[in-house]
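Heads up: the structure comes next, in structure tokens.
The values are calculated or read from the model by the stated rules, or taken from the named source; none is laboratory data. Model, not experiment: these values are computed from the prediction. Cβ sites come from the backbone with ideal geometry, for glycine too, and all protein chains shown count toward neighbours.
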Amino acid sequence: GDSVTQTEGQVALSEEDFLTIHCNYSASGYPALFWYVQYPGEGPQFLFRASRDKEKGSSRGFEATYDKGTTSFHLRKASVQESDSAVYYCALGEGTNTGKLTFGDGTVLTVKP
Amino acid sequence: GPKVLQIPSHQIIDMGQMVTLNCDPVSNHLYFYWYKQILGQQMEFLVNFYNGKVMEKSKLFKDQFSVERPDGSYFTLKIQPTALEDSAVYFCASSFGQGGYEQYFGPGTRLTVL
């Protein structure tokens with residue numbers, strides 16, 4: 001079945017550091033790709049999505065580019081802040097006939113001031 | 001952004017009892033979902049509901065599980081009877097469409113089965 005792999009389980013950075021969280025996917029079709037962020041005590045919040053090859057999604061300084069060739073959707077931010085500390089999930093939506101989201105394991109980001 | 005509400009935030013029950021988890025989805029959304037997350041594990045899809053019907057369910061959606069949204073009120077997940085392995089956080093989500101549409105999640109209901 002379809003799957004999402006996030007390489008980093010935990011990332012620890014200082015403010016103004018550059019962030020990369022790696023996300024690779026495996027899907028039989030042409031999925032939509034998403035990034036969600038989850039703060040303690042809350043549900044996942046939609047960050048942004050991309051639906052086709054080479055499309056870039058972005059929000060709040062975070063961005064990722066859909067790469068069908070490498071089956072990747074890596075999350076990047078040029079300068080993190082302490083308030084970015086949260087769990088980040090990469091997810092895929094399998095197609096127009098299903099609403100199911102398949103999530104990665106999540107990456108815990110901790111940003112120190 | 002749009003808000004999904006879930007009631008209660010925490011429920012503790014004895015094994016074998018029935019439990020109903022309630023979700024108030026975003027008002028103009030048409031598709032509704034339940035996901036399950038066991039502590040420290042992956043978020044997993046349970047079921048997708050549209051136009052009064054279950055559209056898709058995973059193998060985690062056991063026979064003891066049911067969903068409904070009577071007359072546009074709460075979207076509910078009922079478990080009857082509960083088992084120890086049902087202990088988890090259950091997240092409700094809603095979306096306007098399927099596939100490429102973003103889903104909006106509630107804060108979750110933490111279910112503890114003793």
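Within the group B:95, B:66, B:87, which residue is hydroxyl-bearing (Ser, Thr, Tyr), touching a residue at least 12 places away in the same chain (Cβ under 8 Å) and under 28 Å from residue A:49 (Cβ atoms)?
B:95
To keep it simple, each residue is scored yes or no on (1) surrounded by 19 or more Cβ atoms within 10 Å (Cβ to Cβ); (2) under 10 Å from the mean Cα position of the chain (by Cα); (3) of a type in the set (A, V, I, L, M, F, W, C).
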{"residue": "A:19", "(1), (2), (3)": "yes, no, yes"}
{"residue": "A:23", "(1), (2), (3)": "yes, yes, yes"}
{"residue": "A:58", "(1), (2), (3)": "no, no, no"}
{"residue": "A:77", "(1), (2), (3)": "yes, no, no"}
{"residue": "A:88", "(1), (2), (3)": "yes, yes, no"}
{"residue": "A:91", "(1), (2), (3)": "yes, yes, yes"}
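Which ones in the range B:95-113 are more than 8 Å from every other protein chain (Cβ to nearest Cβ), out of contact with any helix residue (DSSP H, G or I) (no Cβ under 8 Å at 6 or more places or on another chain) and modelled with pLDDT of 95 or more?
Passing the criteria: B:109, B:110, B:112.
Restrict the check to the range A:6-23 and report whether at least one residue is among the polar types (S, T, N, Q), in contact with a Gly (Cβ under 7 Å, 6 or more places away or on another chain) and within 14 Å of chain B (Cβ to nearest Cβ). Break it down into steps so the answer makes sense when it comes.
Our first condition is that a residue be among the polar types (S, T, N, Q); within the range A:6-23, this holds for A:6-7, A:10, A:14, A:20.
Add one more test, that the residue is in contact with a Gly (Cβ under 7 Å, 6 or more places away or on another chain), and what stays is A:6.
Checking the rest, the ones that are also within 14 Å of chain B (Cβ to nearest Cβ) come to A:6.
Yes; the residues of the range A:6-23 include at least one that is among the polar types (S, T, N, Q), in contact with a Gly (Cβ under 7 Å, 6 or more places away or on another chain) and within 14 Å of chain B (Cβ to nearest Cβ).
What is the number of the single condition among (1) within 11 Å of another protein chain (Cβ to nearest Cβ); (2) among the acidic types (Asp, Glu); (3) on the phi > 0 side of the Ramachandran plot that residue B:71 does not meet?
With (1) within 11 Å of another protein chain (Cβ to nearest Cβ); (2) among the acidic types (Asp, Glu); (3) on the phi > 0 side of the Ramachandran plot applied to residue B:71, the lone miss is (1).
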